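The values are calculated or read from the model by the stated rules, or taken from the named source; none is laboratory data. All figures in this text were calculated on a predicted structure; none of them were measured in a lab. Note that each Cβ is placed from the backbone with ideal geometry, even for glycine, and that neighbours are counted across all protein chains shown. What goes into the accessible areas is simple: the full protein's heavy atoms, side chains included, and nothing from ligands, DNA or RNA. Shrake-Rupley method; radii C 1.70, N 1.55, O 1.52, S 1.80 Å.
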Amino acid sequence: MTETLITSEVDFDVTGKQTGFLRVPHSVHRSAYGWLPVPVVTIQNGDGPTILLISGVHGDEYEGQIALTRLARELDPERIDGRIIVLTMANFPAAQAGLRTSPIDQGNLNRSFPGAAQGSPTAMVAHFIEEVLMPIADYAVDLHSGGSSLYYLPTLLRGRGHTPDEAARLEVLQAAFDLPYAWVFRGGGGPASTARTTMGAANRKGVLSVMAELGGGGSVTPDILHRTERGLRRVLHALDILPDYRPDAARGTRELHAKGSIYAYHSGVIEPLKDLGQAVSRDETVGLIHHPETPWEAADPVSSPLDGIILCKRALGRVERGDAVFQIAADVGAE
Ligand SMILES: [Zn+2]
C-alpha cells in the first residue's frame, strides 16, 4: 500500500477517456495550499492490458511530449481494448521550463526512483509512478531524447529479458516500434534492479518496459516525430490494445550495444569530424577543440578510445572537460 501525498483527479478504474492532473502538493510563498499540475490522461475500454506511456521525464526532450499529446487527443476509447495511461509532462516543472531537471528542487526524475512519498516534488512524482502507476501496468514506454546537450539516432532501448518469454516479448515491442536502431543492454534489469530510472521502477514492479532516445538538440524533426507516432501506434496494435490499426511494412531495426563515450579534456569549441551513424576507429581523431579566446593556440584533438559507430553526439558547441562529445556503439555480435 502506498502513502503518496499526490492526489489524482482521474480514477484509474473508470472506462472511457478521462483528463486531469496529478496534484503534487507544493506549499510556497505565493500559494500556501497550492499543487503542481502533472497532466494525466486515461483511455480505457474492455479487458486488454494496461500500458503506461510517459514523456517529459526530462523537460527539454520534446518528441515524446508532442507524440503523446497528439495520441491522447486522438485516441477514441471505443477503439481501445485495454487501458492507456499517459503522462505527457512527468516532471512537470522541468517540462514547463524546458529544462532537463526541475527548477524547483533541481530533481532529475530519471535519477530519482524509487522516490519518496514525502520527499521533494520530483521524489514524490517518482514514488507515485513506481508505487501507484507501475503496479497497475503491464507495459511501460518512456520516451526520451538527447535533450538540449545531445543528439541521438532514433533508438529504442531495452533489456535482453530475464526469461525466454520476457526476451521474446521485448523483441515484439522492439519490432513493433520499428525505430532504425535499438540499444540492447548487456545486463541489469529484473526485479532486483537498483536503477534509479523509470526502467528500474518498471523492472522492480514486473512491468515489461522499453525506452527510446528519439533525437534531441532541444528541438524536433518531422522525420523523428513521425517515426515516434507511428511506433507508438504500432506498439499499441502489437499488444492488441489498438486492434483496428493497420500497420505498414516494418523497415527493420539495427541492434547495437553501447560501448562508451568520448569525452572532452579541454575547454573550447568542438568541431566534430564525424557525424551520427558514421564508423570510428580506435585512436582516430574524431574532433578538434578550438580556442577562440586564444586563437594563436593550436586546437586540441579528440581521439576515440573505441571502435564502433556514433550513436549520439553533443548538440552544443561549447565543451568543458568531462563533457561527452560522442557516444559509441557496436553491432550486437560484432565484438
Ligand atoms: Zn531523457
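Could you check how many residues of the range 98-112 are open to solvent by less than 60 Å² (accessible area, probe 1.4 Å) and more than 15 Å from the ligand (Cβ to nearest atom)? Result for the range 98-112: 1.
Picking from residues in the range 194-221 that are at pLDDT 95 or above and among the β-branched types (V, I, T), the one that is surrounded by the fewest Cβ atoms within 10 Å (Cβ to Cβ) is T221.
Would you mind stating whether G189 is of a type outside the set (D, E, K, R) and free of Cβ contacts under 8 Å to residues at least 24 places away in the same chain? It is false that G189 is of a type outside the set (D, E, K, R) and free of Cβ contacts under 8 Å to residues at least 24 places away in the same chain.
Which residue, of S102, S193, S149, is touching a helix residue (DSSP H, G or I) at 6+ places or on another chain (Cβ under 7 Å) and under 28 Å from R318 (Cα atoms)?
Working: S193 fails: under 28 Å from R318 (Cα atoms); S149 fails: touching a helix residue (DSSP H, G or I) at 6+ places or on another chain (Cβ under 7 Å).
Result: S102 is the single residue among S102, S193, S149 that is touching a helix residue (DSSP H, G or I) at 6+ places or on another chain (Cβ under 7 Å) and under 28 Å from R318 (Cα atoms).
Cβ-Cβ distances below 6 Å connect the following pairs, each with a first residue in the range 91-106 that is among the hydrophobic types (A, V, I, L, M, F, W, C), a second residue that is surrounded by fewer than 21 Cβ atoms within 10 Å (Cβ to Cβ), and a separation of six or more residues or different chains: A97/P103.
Every residue, every condition in (1) open to solvent by 20 Å² or more (accessible area, probe 1.4 Å); (2) within 14 Å of the chain's Cα centre (by Cα), yes or no:
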| position | (1), (2) |
| --- | --- |
| G146 | no, yes |
| A176 | no, no |
| V184 | no, no |
| D223 | yes, no |
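Against the list (1) more than 16 Å from the ligand (Cβ to nearest atom); (2) touching a helix residue (DSSP H, G or I) at 6+ places or on another chain (Cβ under 9 Å); (3) in contact (Cβ under 8 Å) with a residue 40 or more places away in the chain, the condition D81 fails is (2). Would you point out the residue of the range 124-155, among those that are among the hydrophobic types (A, V, I, L, M, F, W, C) and farther than 20 Å from T88 by Cβ, that is farthest from the ligand (Cβ to nearest atom)? This residue is L153. Do we find that R83 is closer than 22 Å to E9 by Cα, buried (at least 18 other Cβ atoms within 10 Å of the Cβ) and of a type in the set (K, R) in this structure? Yes, satisfied. Against the list (1) more than 18 Å from L173 (Cα to Cα); (2) touching a residue at least 40 places away in the same chain (Cβ under 8 Å), the condition N203 fails is (1).
Residue-wise test of (1) surrounded by fewer than 16 Cβ atoms within 10 Å (Cβ to Cβ); (2) within 26 Å of the chain's Cα centre (by Cα).
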{"site": "S267", "(1), (2)": "yes, no"}
{"site": "G277", "(1), (2)": "yes, yes"}
{"site": "V286", "(1), (2)": "no, no"}
{"site": "P295", "(1), (2)": "yes, no"}
{"site": "P305", "(1), (2)": "yes, no"}
{"site": "L311", "(1), (2)": "no, yes"}
{"site": "A315", "(1), (2)": "no, yes"}
{"site": "R318", "(1), (2)": "yes, yes"}
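If you go through the range 29-71 and keep only what is free of Cβ contacts under 8 Å to residues at least 40 places away in the same chain and more than 16 Å from the ligand (Cβ to nearest atom), you end up with H29, R30, S31, A32, Y33, G34, W35, N45, G46, D47, T69. Here E74 meets the list (1) open to solvent by 20 Å² or more (accessible area, probe 1.4 Å); (2) touching a Lys or Arg at 6+ places or on another chain (Cβ under 9 Å); (3) within 22 Å of L179 (Cβ to Cβ); (4) of a type outside the set (S, T, Y) almost entirely, failing just condition (2). Within the range 171-223, take every residue that is in contact with a Ser or Thr (Cβ under 8 Å, 6 or more places away or on another chain) and of a type in the set (K, R) and give me the one that is farthest from I66 (Cα to Cα). My answer is R204.
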